[in-house]
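Inspection log for the structure reproduced underneath, given as structure tokens.
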Amino acid sequence: MTQTREFDLTVFGATGYVGKLIAEYLLGAAPADARIALAGRSAAKLALVKEELGPGAKDWALVVADIADQAALDALATRTKVVVTTVGPYLRYGMPMVEACAKAGTHYADLTGEPLFIRDAIDTWHDTAVSTGAKILNSCGYDSVPSDLSVYQLYRRTVADNTGELTDVTLVAAAKGGVSGGTIDSMRALMEAVAQDPSKTKVLTDPYGLTPDPAREPEVGKLSDQALGRASDIHPSLDGWVGTFVMAAHNTRIVRRSNGLLGWVYGKNFRYREVMSAGSSTLAPVIAGAISGASLVGVGALASLSRVSFGRKLLDKVLPAPGTGPSEETRRTGWFSMKTVAHTTSGATYLATFAGTGDPGYQATAVMIGETGLALAFDDLPEIAGVLTPAAAVGDALTARLRAAGMTIEVEPA
């Protein structure tokens, strides 16, 4: 990438709920001489965001660009080293910015939890990004940085300890936080895409739907994202019950793509799954069962409703609107903790912990994607380019940055 870009990092969608949180985070986290730009479709709203940020943002540039104007996006991409974009649902609005960055050799980071979007980006723009040197990073927030970096650091520890390849790996998620209209809208966009083209279901149901090369994936039998059982069955140190984790279907595919992008270094018998902690109260088995059941019924019901006009109108009334999100108190008091148990071919067992404070989907996500953008702009990174994952593109740099930002990322023998 040319080093004569006007900006180091541009936040696209800076007037949105998450965009503002990212801008606020960068205000304190970016180097004092960082050249930051805020981009969006409304000059007036961008100016208001800059004013609310205060004196620290006085030198930040404002760039007007609409997702419907490809020429404007292309021009923006040529001016900046990195674009961090929050403009979603990405299935509806994300591809024009991927195109602009891939063509311009501009690094890119998003927050998508939409595997159909990633598959389309891979199929359409990966080769172009490779040729220009652009790193196109998907899922750089709570989906899927903790998952991706936890397994990556487990792999790094097994190499350091010479304990063999990874075999069975299970992540147990626990969190407290809110839900935004943007998250709901992304899920709706996913279901609407499947309703319009049922053949897309294959990407969602294939555990290796995002892999670089299906023929090289390990043959480990059936891999399911559904779960219900005792946490102690995963490891004796874990208490209570676990059920299906709503984001497992996405996160597991990101982790498997990382393995492929890194040359399948995790192991020829690598199996990975994610579950959600239901706690250890007397009601925990019931809660775990409800979580697992709701994950099936909820997705199916949403898909069915999305197919008809009446259903779409009903969802509009009962679900949070796009652009809304958790209250400041919810963001401040939220937290997350991911415990990942890994076994190796030598018989060793490890426990990775990835934890942080703040609402995971918003407060903590702003930190994760903010630091991803800063790593892309300022750190020495592997030469790999194309449509990538956080672990494959910025694994070590991002781990160091998130630790410095106060998050816990550690691996210990278990």
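The values are calculated or read from the model by the stated rules, or taken from the named source; none is laboratory data. Keep in mind the model is a prediction, meaning the values are calculated, not measured. A quick note on method: Cβ atoms are made from the backbone with ideal geometry, for glycine too, and the neighbour counts reach across all protein chains shown. With ligands, DNA and RNA removed, areas are computed over all heavy atoms of the protein, side chains included. Shrake-Rupley method; radii C 1.70, N 1.55, O 1.52, S 1.80 Å.
At a glance:
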quantity	calculated
Order by protection proxy (mean Cβ within 10 Å, highest first), peptides 113-121, 163-171, 330-338, 400-408	113-121, 163-171, 330-338, 400-408
Carbon plus sulfur fraction of accessible area for the range 61-163, probe 1.4 Å, in percent	48
Local net charge near Ala393, Cβ-Cβ under 12 Å (Lys/Arg +1, Asp/Glu -1)	-2
Of all accessible heavy-atom area on the range 326-371, the percent that carbon and sulfur account for (1.4 Å)	48
Sorted peptide list for 138-144, 189-195, 70-76, criterion being average Cβ within 10 angstrom, highest first	138-144, 189-195, 70-76
Unit Cα scatterers, Debye sum, the range 141-289: log10 I(q)/I(0) for q = 0.09, 0.15, 0.16 Å⁻¹	-0.32, -0.89, -1.00
Cβ charges +1 (Lys, Arg) and -1 (Asp, Glu), total dipole of the range 96-197, debye	380
The range 244-288: relative contact order in percent, alpha carbon pairs under 8 Å with at least 6 residues between	47
Stretchable slack from Ala32 to Ala414, in nm (0.36 nm times residue separation minus alpha-carbon distance)	133.4 nm
Antiparallel content of DSSP bridges confined to the chain, in %, to 5	50
Cα-Cα separations in the range 1-155 greater than 24 Å, expressed as whole percent	31
Estimated dipole of the chain in Debye, rounded to 20 [Cβ of Lys and Arg +1, of Asp and Glu -1, Cα centre]	640
All Cα pairs of the chain, percent lying beyond 29 Å	42
0 to 90° range, to nearest 10: angle between helix 70-79 axis and the chain longest Cα axis	90
The range 258-276 residues near the modelled Asp379 label - backbone nitrogen below 20 Å, point 7 Å along Cα→Cβ	258-263, 265-266
Overall form of the range 374-414 per C-alpha gyration tensor (a/c, 1.5; a/b vs b/c)	oblate
Positive-end extreme of charge dipole, the chain - chosen from Phe354, Phe245, Ile384 (charges on Cβ)	Phe245
Unit charges at the beta carbon, dipole of the chain: most positive-side option, Ala189, Gly54, Ala400	Ala189
Tilt relative to the chain, helix 95-104 - C-alpha long axis, 0 to 90 degrees, to 10	70
Cα shape, the range 327-414, gyration tensor, a/c 1.5 rule	oblate
Per-selection Kirkwood Rh - the range 1-51 (Cα, Å, 1 d.p.)	11.5
Accessible area of the range 110-217 divided out per residue, in Å², using a probe of 1.4 angstrom	37
